[in-house]
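Structure first, commentary second.
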Amino acid sequence: MTLEEWIGIGMSNGVVEIPEIEEKTFEEVYKLWFKMKMNVIRAQSCDRIEVTYNRYYAGSPFVRQNVSALDESVVVRFLTEIIVSRGNITAKEFARIFQIVSNVMSYARYLNLGGARLLDWEMVRRYVPEGKIVPELHQDFAVPKADVEKLLELVVVQDIYPLKRSACLCLVLNFFLGLRVGELASLTWKDIDWERKVIRICKTETKAYSRDEEGNRAGAMVYQVVEETKTVFSVREVPLLPEAVYILEQLRAHHDQCDYKDRCLAYDGRNTILVRSLDRTLRKLCKYSNISYFNTHMIRKTFATMLHASGMPTRYISDLLGHSDMVTTEKNYILAYRDNYDTLLAFMQQGLDFRL
């Protein structure tokens, strides 16, 4: 006798009761999962999840299916279609796509929603054509030392962009601090210990959409300074070199001259300078200085790269950056220089010391 027959006999005799399952589509479970995530992750992370879902999931036949009908083969076909049909999917982007389907289905299974199955995610990864996932579409290079020194001269000494002097001074100061741009935008004068010559990093500027209880956007992008950093490891003190102290003194003199009363370093007389304003200022600054454009995050990476080239241990660099894991520092923040022929030649001459 088969299992189905045994269950049928049990049901007919009133011994076995199988509860009715309320079917739910993937889209319905996603909305429940997203509401839950709103309470446990940062608002910026919610925005990234929403962007990924709207780009790859929303409106597709996949999200209209009941979760009870989704098995490994259905998920593999869906992910394969995204990779093959859209193209140019990087490993980082695919990780975000994969995270949504795995998290939503695991959430449904854990709460017993819609009769969702327990899926073998290792099997899914095995059959998704990850060989067609493209490498990163660009390679980052550290800002050349000559360009950094040119910016320092033009900003600090020549005041090449007087309309945005506060922003310009903060940007070149960051070559000596290596801060995230949100940390840079939220710095206040109280964060500086002039006697010990250190600057304390304990807050950051964030940007995210405000949302209602259902997780829907409830207005425009909101910029605000929060009294916390990206991670607990990001609360730190960064020593100030004499050059950094000099730039800070120039910035304070500029604020005094303009009679600025705002507590933030990044203040232009109207509003505290936002992250997006620093980005725009850097773009114009590169144009006025006639150097190749780089974004604000590249300043942070150049800071790490130059310290590594000087021989500083990665553990110390990671601490200065506020990273919880040295792997992040080594993998993403220590770069090469685009024109590094002389450096490579010097290392080769020293290392390949054969006698001919």
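Observations, loosely collected:
- Percent RCO, i.e. relative contact order, over the range 67-173, from Cα pairs under 8 Å lying at least 6 residues apart: 33
- Positive minus negative residues near Asn216 (Lys, Arg vs Asp, Glu; Cβ under 12 Å): 0
- Couplings for the range 104-109, taken from phi via the Karplus curve 6.51 cos²θ - 1.76 cosθ + 1.60 with θ = phi - 60°, read 5, 5, 5, 4, 5, 5 Hz in order; Gly and Pro are left as x.
- Prolate/oblate/rounded label for the range 161-271 (Cα gyration tensor, a/c 1.5): oblate
- Extension gain (nm, one decimal) between Asp279 and Tyr246, 0.36 nm per residue minus Cα-Cα: 9.5 nm
- In this structure the amide hydrogen of Thr188, modeled in the peptide plane, comes within under 5 Å of the amide hydrogens of Leu265, none closer than 5 places in sequence on its chain.
- Within the range 291-329: backbone nitrogen closer than 18 Å to the Ala146 label point (7 Å, Cα to C-beta): 291-294
- Interchain or long-range residues, amide H under 5 Å from Arg211's placed H: Ala218
- ³J(HN,Hα), Karplus 6.51/-1.76/1.60, whole Hz, each residue of the range 274-291, x for Gly, Pro: 7, 3, 5, 5, 4, 4, 5, 4, 5, 4, 5, 4, 5, 5, 5, 8, 6, 10
- As a calculated quantity, the FRET efficiency between Ser102 and Asn332 at R0 = 30 Å, using C-beta atoms, amounts to about 0.80.
- Within a Gaussian network of the chain (alpha carbon springs, distance under 10 Å), most fluctuating of Ala167, Ala309, Ala266: Ala309
- Remark: spin-label model distance Tyr288-Asp325 equals 4.1 nm, labels positioned 7 Å along the Cα→Cβ axis.
- Contact order relative to length of the range 209-356, as percent, for alpha carbon pairs under 8 angstrom and 6 or more apart: 19
- Of all accessible heavy-atom area on the chain, the percent that carbon and sulfur account for (1.4 Å): 52
- Our estimate of slack between Val157 and Glu228, defined as 0.36 nm per intervening residue step minus the Cα-Cα distance, is 22.1 nm.
- Whole-number accessible area per residue in Å² for the range 280-356, which is evaluated in the context of all protein chains at 1.4 Å: 68
- FRET efficiency estimate (nearest 0.05) - Cβ-Cβ, Ala309 to Asp193, R0 22 angstrom: 0.20
- For Leu335, distant residues with modelled amide H under 5 Å away: Thr305
- The mean sequence separation of alpha-carbon pairs under 8 Å and at least six residues apart, normalised by the residue count of the chain, gives a relative contact order of 17 percent.
- Note on surface exposure: Lys190, Lys132 rank Lys190, Lys132 by accessible area, highest first, 1.4 Å probe.
- Cα-based shape type of the range 257-344, given that a ≥ b ≥ c are square roots of the gyration tensor eigenvalues and the cut on a/c is 1.5: oblate
- Sorting the segments 276-285, 299-308 by their residues' average number of neighbouring beta-carbon atoms within 10 angstrom, most packed first, yields 299-308, 276-285.
- Backbone phi angles across the range 92-97, fed through the Karplus curve with coefficients 6.51, -1.76 and 1.60 (θ = phi - 60°), yield HN-Hα couplings of 5, 5, 5, 4, 5, 5 Hz in residue order; Gly and Pro are listed as x.
- Solvent-accessible ranking of Val75, Val157, largest area first, probe 1.4 Å: Val157, Val75
- Fully extended contour minus Cα-Cα distance, from Gln65 to Trp121, at 0.36 nm per residue: 18.3 nm
The values are calculated or read from the model by the stated rules, or taken from the named source; none is laboratory data. Computed from a predicted model, the values in this text were never measured in an experiment. So basically every Cβ, Gly included, is an ideal-geometry build from the backbone, and we count neighbours across all protein chains shown. Just the protein is used for accessible areas: all its heavy atoms, side chains included, with ligands, DNA and RNA removed. Shrake-Rupley method; radii C 1.70, N 1.55, O 1.52, S 1.80 Å.
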